[in-house]
Amino acid sequence: MSLTDTQRAIHLFLAERIDADGFAPSQTEVARAFGFKGVRAAQYHLDALEAAGMIGRSPGRARSLRLLQQPEDRPRQLPLAPANDDTLHLPVLGQVAAGAPIGADIGSEQVVLMDRALFTPTPDYLLKVKGDSMRDEGIFDGDLIGVHRTSEARNGQVVIARIDDEITVKLLRIGQGKVRLLPRNPDYAPIEVKPGQEFAIEGLYCGLVRPNA
């Protein structure tokens, strides 16, 4: 069974929380960490991980989740660079559209070492940009952008947003009861979130790396 980028990220999140806390996070904590509106979305992805044999759960027992397989893209499984607080080990979790939104199921299991000074705030993962709708922000096709995972953002920030099951990077504009995602290229039209669409902030843009620059 093939996992989506979101499911791989949740798998990694579960492994890190179990290591740090000694027990698994709740469905509510998973939903909050990934910007889901409710626990149903978290439940869906956890069910997929269980069906794929990545995790196991005991019905009726709180926090009974256990890992059956370690995440393949887990940074600590790779040969690490010498201890250095300025070095980040960041997984590349997939692609993000700088154009029309694209599905988020295209990904890799690559982990790269980055200088912490390249990003503000500190990113949790990288996404590869597809398209040129953010070119006037200095974000070009093929760039790797850092994403700081959060479900909150201020008006005017560049965000990674999820509309239904699609992911895009845009400038967030909130006003007059509307949420719009603005491109930074006049060749593209703004995206207005329509009533009934599932919308969530996945994270904040916090810098980029241009491969082969």
Entries of K37/K194; K170/K194; K128/K194 with Cα pairs more than 22 Å apart: K128/K194
- request: Work out from phi, with θ = phi - 60° and the Karplus expression 6.51 cos²θ - 1.76 cosθ + 1.60, the ³J(HN,Hα) of each residue of segment 120-130, listed in order in whole Hz, and give x for Gly and Pro.
  value: 8, x, 5, x, 9, 6, 10, 10, 8, 7, 10
- prompt: Which shape class, rounded, prolate or oblate, goes with segment 5-67 when its Cα gyration tensor gives a ≥ b ≥ c as root eigenvalues, a/c under 1.5 marks rounded, and past that a/b bigger than b/c marks prolate?
  reply: rounded
- request: Please list the non-local residues whose amide H lies under 5 Å from the amide H of E202, H modeled 1.01 Å from N, same-chain partners needing a gap of 5 or more.
  value: I160, A161, R162
message: Suppose a student asked you for the relative contact order of segment 5-67, using Cα pairs under 8 Å spaced at least 6 residues apart; what percent would you report?
response: 31 percent
- prompt: Using the Karplus equation 6.51 cos²θ - 1.76 cosθ + 1.60 (θ = phi - 60°), what ³J(HN,Hα) coupling, rounded to whole Hz, does each residue of segment 16-25 give in order, writing x for Gly and Pro?
  reply: 5, 5, 5, 4, 6, 9, x, 8, 7, x
task: Please give, to one decimal in nm, the separation of the simple spin-label points placed at R180 and L67, each 7 Å out from Cα toward the Cβ.
output: 4.5 nm
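Laboratory data are not the source of any read-out in this text; all were calculated from the coordinates shown. Keep in mind the model is a prediction, meaning the values are calculated, not measured. All Cβ positions, glycine included, derive from the backbone under ideal geometry; neighbour counts span all protein chains shown.
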